[in-house]
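Please read the structure below before turning to the comments.
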Amino acid sequence: MTDKPLEGRLALVTGASRGIGAATAVALAAQGAHVVLTARTAGGLEEVETAIHDAGGSATIAPLDLAESDAIARLATAIGDRWDALDILVLNAGMLGSLSSVPAIDPKEMAQVLTLNVSAQAALITAFDPMLKKAKSARVIGVTSSVGRKPRAYWGLYGASKAAFETLLGAYGDEMAEISGIRTAIVDPGATRTKMRARAYPGEDPKSVKDPQVVADRIVALAIDGFEPGHFERVA
């Protein structure tokens with residue numbers, strides 16, 4: 001017997017080398033899940049993996065760039081060769097891009113942001129759909145931003161990418177609701193102490209915004225308790 005509600009579950013967390021992704025990975029492992037950590041920064045992933053192991057949890061790291069053409073397919077093959085089902089998928093990886101007026105958006109940077117924030121997310125859903133369907137009650141939780149729902153000056157590129165991401169994930173959730181145990185949720189972390197936040201608000205006192213652990217705790221609670229189809233919440 002175990003008092004860990006996610007014992008025996010498999011979770012995949014993207015953007016897990018720091019910030020919300022790292023905190024979520026550690027929190028999922030603390031509740032018994034085996035967590036696959038992916039991000040571009042191998043050193044950061046190793047630090048998170050060590051923290052998980054030191055706390056008695058289990059994890060596997062998979063350093064890769066989700067924007068590379070075959071990276072997601074390789075990741076899905078590697079995970080599928082080892083496990084049958086994927087219980088929890090946390091889509092956290094994202095790119096801010098430059099904050100600029102819409103006419104000043106650089107086309108090359110726009111392609112990069114949309115590739116990671118939209119195309120790669122769709123590819124992850126596609127690649128892991130078979131494993132998610134094999135889980136009894138899979139949870140797919142996407143991390144978004146308020147600018148994806150309410151446009152803000154100079155945030156057009158990032159906001160557009162998050163709006164597209166929310167639409168894709170929400171549509172997938174609607175498609176799966178009646179034919180599988182897959183449920184999707186979208187979480188807006190609000191102001192949180194991350195590297196991306198520091199880049200967007202360089203003059204802000206980091207201590208004035210919440211720790212990533214607060215967001216991680218909400219994501220883990222959703223993974224444990226479940227939610228209704230189409231769930232959305234903003235973490236205060």
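The values are calculated or read from the model by the stated rules, or taken from the named source; none is laboratory data. Keep in mind the model is a prediction, meaning the values are calculated, not measured. Virtual Cβ from ideal backbone geometry, glycine too; neighbours counted across all protein chains shown. Side chains are part of the model used for accessible areas, which takes the heavy atoms of the whole protein and leaves out ligands, DNA and RNA. Shrake-Rupley method; radii C 1.70, N 1.55, O 1.52, S 1.80 Å.
Go through region 51-61 and give me each residue that's open to solvent by 20 Å² or more (accessible area, probe 1.4 Å) and assigned to a strand (DSSP E or B). Correct list: S58, T60, I61.
Condition test on A67, is it touching a residue at least 40 places away in the same chain (Cβ under 8 Å) and outside any loop (DSSP other than H, G, I, E, B)? Answer is no for this residue.
Annotation note: of I182, I141, I186, I125, the sole residue that is at pLDDT 95 or above, touching a Gly at 6+ places or on another chain (Cβ under 7 Å) and not charged (D, E, K, R) is I186.
Against the definition (farther than 27 Å from P5 by Cα and touching a Pro at 6+ places or on another chain (Cβ under 7 Å)), how does G159 come out, yes or no? Steps first, answer last, please.
Working: farther than 27 Å from P5 by Cα: yes; touching a Pro at 6+ places or on another chain (Cβ under 7 Å): yes.
Taking the combined requirement at face value, the residue satisfies it.
All of (1) without any contact (Cβ under 8 Å) to a residue 24 or more places away in the chain; (2) within 18 Å of the chain's Cα centre (by Cα); (3) closer than 28 Å to L6 by Cα hold for V187 with one exception: (1). Looking at region 147-236, what helices (runs of 4 or more DSSP H) fall wholly within it and have at least 2 residues that are open to solvent by less than 30 Å² (accessible area, probe 1.4 Å) and among the aromatic types (F, W, Y)? Fully inside region 147-236 and qualifying: 156-177.
Against the list (1) open to solvent by 60 Å² or more (accessible area, probe 1.4 Å); (2) touching a helix residue (DSSP H, G or I) at 6+ places or on another chain (Cβ under 9 Å); (3) under 24 Å from T144 (Cα atoms), the condition K108 fails is (2). For region 12-50, residues that are open to solvent by 20 Å² or more (accessible area, probe 1.4 Å), small (G, A, S) and either over 23 Å from D188 (Cα atoms) or out of contact with any strand residue (DSSP E or B) (no Cβ under 9 Å at 6 or more places or on another chain) (or both) total 3.
Taken over region 74-114, the residue count meeting the criterion of being within 20 Å of G142 (Cβ to Cβ) and in a helix (DSSP H, G or I) is 6.
Across region 115-146, the qualifying residues are those that are assigned to a loop (DSSP other than H, G, I, E, B) and of a type in the set (S, T, Y), and the one among them that is most open to solvent (accessible area, probe 1.4 Å) is S137.
Of all residue pairs spaced 6 or more apart or on separate chains, those with beta-carbon atoms under 7 Å, a first member in region 1-27 that is in contact (Cβ under 8 Å) with a residue 60 or more places away in the chain and a second member that is hydroxyl-bearing (S, T, Y) and open to solvent by 10 Å² or more (accessible area, probe 1.4 Å) are G19/T194; I20/T194.
Does A71 satisfy the condition of being closer than 24 Å to S161 by Cα, out of contact with any helix residue (DSSP H, G or I) (no Cβ under 7 Å at 6 or more places or on another chain) and not charged (D, E, K, R)? Let's see the steps before the verdict.
Details: closer than 24 Å to S161 by Cα: yes; out of contact with any helix residue (DSSP H, G or I) (no Cβ under 7 Å at 6 or more places or on another chain): yes; not charged (D, E, K, R): yes.
Here the answer is yes, as A71 does meet what is asked.
If you go through region 146-161 and keep only what is more than 18 Å from A122 (Cβ to Cβ) and of a type in the set (S, T, N, Q), you end up with just S146.
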